[in-house]
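Trainee: Sharing a structure here in structure tokens format.
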Amino acid sequence: MSLRIDLWEANNNQLKAVPTSELDFEQRLEDWLAKDPSLSGMDVLIIGRQLQTTFGGRIDLLGIDSQGNTALFELKKGRTPRDVIAQVLDYATWVKDLTYADLDGFCSKFNGKDLSTAFRDHFDDAVPDTVNAAHTLVVVAPELDDSSERIVEYLAEEAGLAINAVFFNTFKHGDTELLGRAWLKDPVDVEEKRESKKQAPWSGYWFVNVGEGDHRNWDDCRKYGFLGAGQGERYSRPLTKLRVGDQVFAYMKGIGYVGYGEVTSEAKMIKDFSVDGSPLLEMPLQAERPWENKEDPKLSDWVVGIKWVKSVPRDEARTFKGAFANQNIVCKLRHPETVSFLEREFGVNPN
């Protein structure tokens, strides 16, 4: 059965259904996503809109993620028939061959700045050396028909294709218009299945970026036993992948690996994290503003508890030429050479 979104208003223990709103869904939603792609739940930079393919079709939105991979969005107004899935796959045959020059041209036209500048403005980092090595396909619709849902499930689960569907519906509540969103499949799971098809097996270790700045400091992480991320859901949400008992290697961008430990508590807002019974925010911290946005779940820093088995100061970070490094906050560590190096350097007995 296809997933659909419904809302109810709770008033005096009584539930009243909020009616869906009839509007020009496709055009308005495309406008919203073009302006703020985070509405999709994905962290991408939109670089093109209504792009003409060489075989006559038009791609609604094309984006690029922090790894330099492309994301294709196809929007449909009503219940989506399975021929739309074929259309998206057809568009993918064109997207897969796009070069850096192509993406740069699209970006310059859409954003008024070249890809290098727009990418750095959005991700605060340089464009990776390799772009468009992979792509994600996203069908955007109010709902899918059962056949389309089965096809998307099959392509994602069995073929390891990064394809998904995200559902948006609008609702009227008095004079207020509401927008609801739900994914057919967790985007993180889809990405990991695709990666597992083409990469080495997962080592069992997690890679976690320390992300030093005004809101967090590695010295605090070492002293009080935690890792954190936040000031936006796209940064804090990846921490929810980690479970108690998971083994992690902490990495500092541009420096190297600085710690190995085990997760002792799952992600929670920083205001709720305690050390030996005392709130972390009451401890003497090196970070300048760890408390900022502490009451806002979307903007607060979130932390996971870590029991450090071995950690080192930043000036003793471990690395080598070719060591795995990634812009993601959390990801599975698969690079065999890096895994062997870290096990030696941090005295880890392989599982």
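The values are calculated or read from the model by the stated rules, or taken from the named source; none is laboratory data. Everything numeric here is computed off the predicted structure, so don't read it as measured data. Cβ: placed from backbone, ideal geometry, glycine included. Neighbour counts: every protein chain shown.
Trainee: State which residue is modelled with the lowest pLDDT when the search covers only segment 1-52 and only residues that are under 30 Å from T117 (Cα atoms) and of a type in the set (K, R). Reasoning before the result, please.
Mentor: Start the filter on segment 1-52 by keeping residues that are under 30 Å from T117 (Cα atoms), which leaves 26-52.
Next, only the ones that are of a type in the set (K, R) stay: 28, 35, 49.
On the way: R28: 80, K35: 89, R49: 94.
Among those residues, the one meeting the criterion is R28.
Trainee: Among the numbered criteria (1) out of contact with any helix residue (DSSP H, G or I) (no Cβ under 8 Å at 6 or more places or on another chain); (2) modelled with pLDDT of 80 or more, which one does E212 miss?
Mentor: (1)
Trainee: Give F55, F119, F106 a once-over and let me know the one that is assigned by TED's automatic domain parsing to the domain that holds A162 and modelled with pLDDT of 95 or more. Even if it seems obvious, please write down each step before you answer.
Mentor: Numbers: F55 fails: modelled with pLDDT of 95 or more; F119 fails: modelled with pLDDT of 95 or more.
Answer to the check: F106.
Trainee: What's the number of the condition V244 fails, among (1) buried (at least 17 other Cβ atoms within 10 Å of the Cβ); (2) under 15 Å from W308 (Cα atoms); (3) of a type in the set (V, I, T)?
Mentor: If we test V244 against (1) buried (at least 17 other Cβ atoms within 10 Å of the Cβ); (2) under 15 Å from W308 (Cα atoms); (3) of a type in the set (V, I, T), just (1) comes out false.
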